[in-house]
Amino acid sequence: MVDCCSAPGLLPFEQAMEKMLSAIKPINETETISLALGLNRVLARNISSPLNVPPHHNSAMDGYAFKLASLQTTDKLTLIGRSMAGAPFQGECKIGECIRIMTGAKLPSCCDTVEMQENCQANDTKITFLEAREFNDNIRFTGEDIAINQAVFSQGKKLSAIDIGVLASLGVPTVEVYRKITVAVLATGDELKSPGETLNDGDIYESNSHALIAMLTKLNVTVINFGIIADDEQAIRAAFEQADQQADVVISSGGVSVGDADYTKLILEQLGEIGFWKIAMKPGKPFAFGKLPNSYFFGLPGNPVSALVTAHQLAVPALLKLQHAQAKKLPLLKVKTATQLNKRAGRMDFQRAVLSTNQQGEMMVTSTGSQGSGILTSMSTANCYIVLPASQGNVPANEIVNVQLFDDVIQ
Ligand code: AMP
Ligand code: MG
């Protein structure tokens, strides 16, 4: 094992993350929107329940409601009324009587138990109860889901589909959320063409911005797509300046290494400031985080796998922080690797792999094969990263490794 200092000049991944997150100040502006538009928005206020859910005791079954004491001396009760969902029974019922009741209908205050209709025989107004019941059977209680004044969600909660349902069940028509952030995306490279265009000799199709915009869509940000920018200092500077005026965050890909056509660093230095440049991670060594006059800047490497892994591992947590969102962490798993993993000590690896179960039902993880940073299919077939610390060298088969599941942002 060689220690991480074998990668001189590279910033350890954890330090890069910490530096970057501490530089990000979450946005403060909020807006009140209809609940229907709340998916993936971030709550700006704590929410406690204004009412009990459900607001009244109600029946969990279609059947008959009664006082359990009625069945101590007889198995036959007299039907005297009904309670439907939305149309409660209004009268009184006494010992020896029962009420026809439907699922969700309010339990009459004079009843304490419900029997489902399958266990009853109805003969006009005489109902025979075929089975013994216990007190409070088949009743859903007032506030059993959410009690009045109970804390339900806290500020920073990113609303999921289920959360929208919970808020609707509280009768909440609108929510106060942080405003959406705007992210400008641009891809630099003379060789890049958009899908649909004809490739000239030496060209390739541009994929980074497409995958990135799809990821950003999952984060519910407003995207401004600047498209492909030529490897030209003036053109890149003009694009960065324009993007900086329009967006909270500018994300570019390509041109961050030290090649002859790599202008990103130079322009970022001229217009703003660079936070850090080279990170001890693989894929993705050249990654820039910095500030433009009005926005944060992320410079992703050009290689498609490097671009996506750095976007996912570094830019996404930064964007979540900017959005005020509490990041939802999936658990790290410790799993046996099915194959040997090749690794050189010095950088933290995010190897793409498939987590599965073998015939005995035990979890195992299998590398997707070649880990080249241009092999995007290594990522599309994967469902997880094997995360190997910087100091780690080759890993023999059957060793336990750390596995990080892909979250929904990149799937
Ligand atoms: P660069 O960082 O600009 O030197 O690019 C590194 C590699 O990634 C080169 O092979 C580029 O052709 C490729 N590349 C750069 N940008 C993109 C992009 N947006 N989509 C696909 N490949 C790219
Ligand atoms: Mg380039």
Rounded to one decimal in nm, the spacing of the 7 Å Cα→Cβ label points at Phe141 and Thr78 is 3.3
Ranking of His324, His56 by count of other Cβ atoms within 10 Å, fewest first: His56, His324
Determine the shape class of the chain: with a ≥ b ≥ c the square roots of the Cα gyration tensor eigenvalues, call it rounded for a/c under 1.5, and otherwise prolate if a/b is greater than b/c, oblate otherwise. prolate
Work out the count of Lys pairs in the stretch 58-140 where the Cα-Cα distance is under 14 Å, with the pair 8 or more places apart or on different chains. 4
Cα-Cα over 28 Å, subset of Lys19/Lys328; Lys19/Lys265; Lys157/Lys343: Lys157/Lys343
So, counting K/R as plus one and D/E as minus one, what does the shell of residues with Cβ under 13 Å around Ala318 add up to? +2
Kindly identify the stretch 58-140 as rounded, prolate or oblate by the Cα gyration tensor criterion: order the square roots of the eigenvalues as a ≥ b ≥ c, call it rounded if a/c is under 1.5, otherwise compare a/b with b/c, prolate if a/b is larger, else oblate. rounded
Rounded to the nearest 10 degrees, the helix 233-246 long axis (Cα) sits at an angle to the longest Cα principal axis of the chain of 30
antiparallel share of DSSP beta bridges within the chain, to nearest 5, in %, is 65
Rounded to the nearest 10 degrees, what's the angle between the helix 13-23 long axis and the longest principal axis of the chain, both from Cα atoms, 0 to 90? 80
Where in the chain is the longest stretch that carries no trypsin sites (Lys or Arg not before Pro) classed as loop by DSSP and with at most 15 other Cβ atoms within 10 Å? 95-327
Relative to the longest principal Cα axis of the chain, at what angle does helix 208-218 sit, 0 to 90 degrees, rounded to 10? 20
In deg cm²/dmol, rounded to the nearest 500, the helical mean residue ellipticity at 222 nm of the chain, built from -39500 (n - 2.57) for every DSSP H run of length 4 or more, is -5000 deg cm²/dmol
Taking a ≥ b ≥ c as the square roots of the eigenvalues of the Cα gyration tensor, with a/c under 1.5 meaning rounded and otherwise prolate when a/b exceeds b/c and oblate if not, the stretch 180-296 is rounded
Farthest towards the positive end of the dipole of the chain, among Gln242, Ala211, Thr339 and with Cβ unit charges of +1 on Lys and Arg and -1 on Asp and Glu, lies the Cα of Thr339
Rounded to the nearest 0.05, what FRET efficiency is calculated for Glu399 and Phe276 with R0 set to 41 Å and r the Cβ-Cβ distance? 0.85
Given +1 on the Cβ of Lys and Arg, -1 on the Cβ of Asp and Glu, and no further charges, what dipole in debye does the chain carry about its Cα centre, rounded to the nearest 20? 840
Sequence of Met281, Met17 once ranked by neighbouring C-beta atoms within 10 Å, starting from the fewest: Met17, Met281
Cβ charges +1 (Lys, Arg) and -1 (Asp, Glu), total dipole of the stretch 61-171, debye: 320
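A short reminder: the numbers here are calculations on the coordinates, not readings from a lab. Owing to the predicted nature of the structure, the values given are computational and were not obtained by experimental measurement. Cβ atoms come from the backbone with ideal geometry, glycine included; neighbour counts cover every protein chain shown.
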